[in-house]
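Working notes, structure below.
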Amino acid sequence: MLGKRYLILDDGSSFAGEAFGDLSNATGELVVNTNLSNYQEALTDPSYHNQIITFVQPSIGNIGINPKSYESIMTSAKGIVVNEAENISFSHLKNMSLDSFLKERHIPGICNIDTRQIQKYVRKYQIKKASIVNSNDEHAFDQLQAAVLSNQQIRSVATSKPYLVPGTGITVVVVDLGLRESIIRQLSKLNCNIIVVPWNINFADIKNLDPGGIVISSGPGSPDEIDPIVIKNILAIQKELPLLGIGLGHELISIANGAKVSRMNFGTHGSSHPVLKIITNEIVYPNQATDYAVNPETIDSSKLIITYVDLINGTIQGIRSRDYPTFSVQFFPERINDLDDTLDIFDEFIESIEAHRRSINE
Amino acid sequence: MNDIKNILIIGGGSSNIGHEGEQDAAAFQAMLSWSRIGIKTLLIDDNPYSIMFSEIPKNNLFIKKITLENVEAIIQSENIDAITPIYGQKNALRIIKNLNKKGVLHDHNIKIIGLNADNINLFGGIKNNTEKMAKNSLLAGRLLENDIPILKTNVVSNFDELRNSINEMVFPIAAKAIKASKYGRRHIFQNIEQLNNDIYDLFQQSKDNKVALEREVSGYKEIGIVAIRDIDGTKMVISSLEDMNAVGLNSTDSVVFAPAQTLNDAQLHIIRAISFRTMDCLGIKGVCHIQFALNSNNNECFVIKVNPFFNSQTAIAEKATGYPLARVVASILLNVPISDIKLPPRFHKLTSILQPISDHVTVKMPVWPFDYLPNAINKLGSKAKSTGSSIGIGRNVEGAFMNALRSSQPSPKDVLPSYSDLTEDELINELIHPTDIQILILFEAVNRGYSTSDLSELTKIDEFFFVIISNILKQIKKVKNNPLNPSVLLNGSKFGFGAGMFCHYWNATNSKINRIAIENNIYKTYKMIEPTGGEFVEKIDSFYGSFEYESDTSQLSNHSALVIGKGRNHLGPNIAADVYTAEMLIHLHKLGLKTIILNNNPNSVSLIPSISDKQYIEPVQLGDILDIVKLEKPEYIFVPGNRHYLIRELNKLSNTKIVVLPPDQKKGSWKSSKADFSFDFLVSKDSINLITSVGFSSQDGNSHKNIEKQTDYFIPYKNKSLNFNHLLDNAILEIKKLELTGLIQVVFSLNEKGQATVSGVSPLRITETLFLNLATHINWIAILMKMYTGHFNIGEVEKLISNVNFNDKIIVMQTKFPFNSLEISNGIKNRSLEIGAEILYK
Amino acid sequence: MQNEKVVLNGMAMQRALNRITYEIIEKNKGVENLVLIGIKTRGVFLANRIANRLKKLEDTDIPVIELNITKYRDDKKASVNSSEQVAENVVNIDNKNVVLVDDVLFTGRTVRAALGAINEIGRPKRISLAVLVDRGHREIPIRADFVGKNLPSSKDEKINVLVSEIDDRDGVEITKE
């Protein structure tokens, strides 16, 4: 029999549900994920560090946890909130059930929650923090109010040592701020020789690796909490090498070029928003997972061109430098599969590197 | 496309297996949105059970057989700007392809909308709905050119060719001798050894010494994608659809889940990307349904069908997501980009461009005609046999599944039939060779303790679905073992168990169950069927039931009419009944009532959002109706006459007027089963008015003139040797003996001397009511609605009747039967076995 | 039978044009004073596409001159009618930054002819060259500033740039004669 659990919110409201996964209590930012097929990817995506994920998909766990759907081998989410939790594992596929996976990773879950109600509530009252707890008493709410979430998230999710993912093509350095493995998957498919480096590496050390181009990865949390060395590196890199930023990487490149980033009233976590690619007028539906957005008024149009815009909330989804082969996107262009509307951003990056090489050789 | 002033729709013709009201519903919505911007819709169709017929201006309607010649004649006489095949399936595609080929469209400067002229010829080669993509067709060629994976057929005529192609073959392989001397069976070769051993025999069997080899994909998952694409190339998936059954069993006959339940993110996005590429390379501007075979172990997939038109799968996608698909496509056809489409105010302004997401699950359950056709082979396979389907929507998979299953069952009592008396051998045979009782067999097998993985291997059905069935069975067991337990009542209700099931297992009355629910604060709430997953505030009027705390709706009005829909389509007057229901809604609304429809047939026209004020997609079962009544407190409930149990129970309600419509065909009084002709009357409490005479005939020599076999109808009936005035007096005398009101038919038969006597009196049949509407150009359902809501004016009706003029023409309605589709060689053409009809003029 | 090989599909060609567009903005420090000149036939379509992209990004209309270079070709003798128009959609190019656009850069003789033709129209501040494909084998000291794709090729190969405006699809193909 499942035990009773509560999801309590920072405005004092509480929702009763039942326990699954780990039985510990947890506090984190409450976000709502509207993807209908990516619970394993989200759970293992470091961008969700410190966050409690509510899934709009009504049944979660239908296909268990499989060895091919990891976005990182670690898990980052603080907890998950679901409507119906299916406890399914198929031994012939060598996968494990969501429930055992959560237990193994010490992630608490709460199920039999009306997640539609939560989604509507969170958007109406702009809820930020929540806890999954055993009792919804005053003490629990006090703790939720008092809880300070770590702002040193990158230190917990990003690599502290450089490593190589060998390939026969162009050398690309990936600065890891909380990497999604799909970035590596896509660069590997393009035969890149990938060197993943820690976030606090010096530009001189990057240059010593003689890369063709640099990727600043996605990652969790606020860009304003990031050590200034990353900004310093970006300023140095963009003058010399093609640079691609994704997610948090995009926010930091924007900041380095004079823009400001602010927290949105409610983040976007899903694939339902149309995003306009301005140069060709194409509309794509990329995977988004962000709580921050570059503030359009702070864009210095003598330095940056806006390249992608979210047609639903008007947020900037991509920028490009006017002066350097530097560009970045807020959404995640990469997925685990190898066919998608936005994957060509990686081709674009490699082609920029080739063009850049040609221009410096001449 | 400002130059388009009118659009010709090629209709879908008579309903049939795999073709119900779904295209009619989409066309109706297109007509509405086009008329709003001043574009005229013209229609050619001969299906009397079309909602379009009563709503389209007479001058724009061409009731003719849908042939190349007739369409061409319309083009010659009317000044047509655009023509579209997407509301008429493959026949419409073929006609437009041929018009294009003949140069008729070019000569008259007519645009094809839905897909462009260059690509329409790709689709002409496909003959019927059920056939897989025609091998080596133009379409296949185009897809291959664009790197879209399809199943290629390799024809080899000798061992040299075989050896040359063997390296690129992937096993298992299906092989078939071409022009085989005896019945050519498909051979499945699992590996090269098996092929080596038997291929020689296949060459021998073929008269041409040719063998066709193809990748064998039966057992792969069958996944559908319904997507749209606009003039700018913007593409969006409306819904993924997962067949419970693997490739090999026709999708129309499979349980379908929307969205797909057992695919991971990578698989879904591969399929999505291939769908988009397919639509791009075919230049589709409109809607497209693409069917895939997917090997979920290695993500390999093949496109097996491309349907660039509305069909039953697009209907499921629309009902499941609440996305205004028909409306959006109507605008796409006019080259409006998806981002610029304006929707009615009940939608959030960004809904059209937001890729739909559902926070609920939708399940489609097929329904078969075999109870009526004991001679038909009920084995399921690649050819569709189901006559209809019901959908269930729920906040969890089990709930959606049970809602759909309850709706598909003939019993009004929410209890599933048991197959516990089957022997082990019979059960396993049913598992391997599924028939119409497949779902209940799966329940029985899980119940007997077969492991989910064994069952999955036997049936090629994903293990997930057996886990769902097992969850449901465990919950049913809890219900059986815990009578009157409130928490079991709540959890069972969350799993979609109907009130009838609790009554049955707990041996309790409905009111007893109701009391437990009220005492324990258990009540049904309703969630909006909307496409944003709660992200935006929508005011859509469609709802489904849940047992969660929050409700998305409240009472619509204290002056409302609840119309109980027909549910799934069987054989008999089903599609006609659905159109009848839709007409009721339209006219009740015109009379100032707020209208509420309850129905669960995804192909239904009565669920078109704009013709009622509120839609409930729920089982049409007593408990579910009472829940709605509790919330809506309707002034009227309209209930179909064949739902005797429902009528009896609903009549117990106080404060609600129960109107039985469409009427019960079995009510009436009969002296003889012989029928030659009839008089149709409108009968109110204090008036009887003759409308017309109707003649009957039969399609296969019915010498006994048995009324059930009189399946052709014509208006008017003329017979100079009869004294009609005298017969009318007789008829009116007979009517007065009965307490019937509404449309009443008095049936006569002729004896050997040619004298007529009354055979019986009964309410006018549903199909004949629609026929009467067409023949008289009077909407009799509108008049019935007035009669039963206190708006009846006999003077008005008399004036209408006096204006009826048949202009010396005879209008004929010919009933259609599904015997060909079901491969029945000598089916008896009986009224109760009809699947549709055609109209013609003589 | 000719052996066709697709070296750039439609999507890759779109991407190359996107990148060239951004590089033009980068090198010219914006789009002020910019004039595009397309060499007929396909160069004009490509120039128009770049102009469309610049319009979407910078909300500025960039003029596109259509250049007819037959008169200036050194490989076609005498037969040229000298009264033939050198250019259509002509705007003033004096002191402008001109980007000359062509589909394939091969020997360089076409570009040299184009430069001659441009002389007839005016005197730009600077002329740079954008090509979708650079296939090598230069016979004249000319090089491109913006290159979509460098494509080493043998002289007996033919490189066809397809544009959907006239060729029913986008792409670059190599055929062997």
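The values are calculated or read from the model by the stated rules, or taken from the named source; none is laboratory data. Everything numeric in this text was worked out from a predicted model, so none of it was measured. Note that we place each Cβ from the backbone using ideal geometry, even for glycine, and neighbour counts take in every protein chain shown. When the accessible area is computed, the model is the full protein with side chains, heavy atoms only, and any ligands, DNA or RNA have been set aside. Shrake-Rupley method; radii C 1.70, N 1.55, O 1.52, S 1.80 Å.
Magnitude of the charge dipole for the protein assembly as shown, about its Cα centre and with charges confined to Cβ atoms of Lys, Arg (+1) and Asp, Glu (-1), is about 2240 debye. For region A:153-361, rounded, prolate or oblate, judged on the Cα gyration tensor with a ≥ b ≥ c (square roots of eigenvalues), a/c < 1.5 rounded, else prolate if a/b > b/c? Here region A:153-361 falls in the rounded category.
Would you mind giving the three semi-axes, in whole Å and largest first, of the ellipsoid equivalent to chain B according to its Cα gyration tensor? Kindly include the intermediate steps, with their values, before the conclusion.
Details: eigenvalues 359, 236, 165 Å².
So the equivalent ellipsoid measures 42, 34, 29 Å along its semi-axes.
Contact-buried residues of region B:339-357, at a threshold of 10 Å² lost accessible area versus the chain by itself: B:S339, B:L350, B:I353, B:L354, B:Q355, B:I357 (1.4 Å probe; DNA, RNA and ligands ignored). Determine the residues within region C:15-49 where the difference in accessible area between the chain on its own and the full set of protein chains amounts to at least 50 Å²; count protein heavy atoms only and use a 1.4 Å probe. The answer is C:R15, C:N18, C:R19, C:Y22, C:E26. Kindly identify region B:695-768 as rounded, prolate or oblate by the Cα gyration tensor criterion: order the square roots of the eigenvalues as a ≥ b ≥ c, call it rounded if a/c is under 1.5, otherwise compare a/b with b/c, prolate if a/b is larger, else oblate. Because a/c hits 1.5 or more and a/b fails to exceed b/c, region B:695-768 counts as oblate.
Output the pairs from B:K65/B:K786; B:K512/B:K594; B:K235/C:K149; B:K566/B:K657; B:K379/B:K474; B:K235/B:K460 with a Cα-Cα distance over 24 Å in this structure; if there are none, say none. From B:K65/B:K786; B:K512/B:K594; B:K235/C:K149; B:K566/B:K657; B:K379/B:K474; B:K235/B:K460, over 24 Å: B:K65/B:K786; B:K512/B:K594; B:K235/C:K149; B:K379/B:K474; B:K235/B:K460. Taking Cα atoms only, the orientation of helix A:344-361 departs from the longest principal axis of chain A by about 20 degrees. Using a 1.4 angstrom probe on protein heavy atoms only, the contact between A and B buries about 4000 square angstrom of accessible area, both sides summed.
Once A and C are treated as a pair rather than alone, how much accessible area drops out, both sides summed, in Å² to 100, probe 1.4 Å? Before the final figure, lay out each step's value.
Details: alone 15670 and 9600 Å², together 23350 Å².
Interface area, both chains combined: 1900 Å², rounded to the nearest 100.
For chain C, the square roots a ≥ b ≥ c of the C-alpha gyration tensor eigenvalues yield an a/c of 1.5 or more together with a/b not exceeding b/c, which makes the shape oblate.
Applying both filters, DSSP loop and at most 13 other Cβ atoms within 10 Å, to the trypsin sites (Lys or Arg not before Pro) of region A:60-140 gives A:K68, A:K94. DSSP finds beta bridges in region A:153-361, and of those with both partners inside it, around 60 percent are antiparallel.
Within region C:9-155, what whole-number % of the accessible surface is contributed by carbon and sulfur, with the 1.4 Å probe and all protein chains included in the calculation? Can you show the working numbers first?
Details: 3000 of 6690 Å².
Taking all protein chains in place, region C:9-155 shows 45 percent carbon and sulfur surface.
Return the distance in nm (one decimal) between the two label points of a simple spin-label model at B:D686 and B:K657, each offset 7 Å from Cα along Cα→Cβ. Those two pseudo-labels are separated by 1.6 nm.
With a 1.4 Å probe and every protein chain kept in, tell me what percent of the accessible surface of chain A is carbon plus sulfur. Taking all protein chains in place, chain A shows 50 percent carbon and sulfur surface. Among the trypsin sites (Lys or Arg not before Pro) in region B:699-731, those located in a DSSP loop and surrounded by at most 11 other Cβ atoms within 10 Å of their own Cβ are B:K720. Per residue, chain B exposes 38 Å² of accessible surface when a 1.4 Å probe is rolled over the protein heavy atoms with every protein chain present.
In plain terms, chain B is cut at each of the GluC sites (Glu not before Pro) found in a DSSP loop with at most 12 other Cβ atoms within 10 Å, and the longest leftover piece is B:169-738. Taking only protein heavy atoms and a 1.4 Å probe, the accessible area of chain B is 48% carbon and sulfur. In the full protein context, region A:33-85 carries 19 Å² of accessible surface per residue, based on a 1.4 Å probe and ignoring ligands, DNA and RNA.
Counting other Cβ atoms within 10 Å of each Cβ, which trypsin sites (Lys or Arg not before Pro) in region B:722-812 have at most 14 and sit in a DSSP loop? Provide the component values of the computation, followed by the final result.
Values: sites: B:K736, B:K737, B:K753, B:R765, B:K786, B:K799, B:K809; in loops: B:K753, B:R765, B:K809.
The qualifying sites are B:K753, B:K809.
Annotation for B:E823 and B:I37: the two label points, set 7 Å from Cα along the Cα-Cβ direction, are 4.7 nm apart. As a test, work out the antiparallel percent of DSSP beta bridges whose residues both lie in chain B, rounded to the nearest 5. Bridges in chain B that DSSP calls antiparallel: roughly 75 percent. Applying a threshold of 23 Å to the alpha-carbon distances of B:K97/B:K221; B:K816/B:K842; A:K4/A:K78; B:K674/B:K799; A:K128/B:K494; B:K210/B:K385 flags B:K97/B:K221; B:K674/B:K799; A:K128/B:K494; B:K210/B:K385 as lying beyond it.
Most simply put, region B:527-636 has about 15% antiparallel DSSP beta bridges, counting only bridges with both residues inside it.
Straight-line cross-link reach from C:K29 at under 19 Å between alpha-carbon atoms covers these lysines, not counting any fewer than eight positions away in the same chain: A:K239, A:K303, C:K55, C:K56, C:K96, C:K125. The calculated 222 nm mean residue ellipticity attributable to helices in chain B amounts to -10000 deg cm²/dmol, summing -39500 (n - 2.57) over DSSP H runs of n ≥ 4 and dividing by all residues.
With the simple model of a label 7 Å out from the Cα in the direction of the Cβ, C:M11 to C:E177 spans 3.5 nm.
Surface analysis of region A:96-136 yields an accessible area of 37 Å² per residue, using protein heavy atoms and a 1.4 Å probe.
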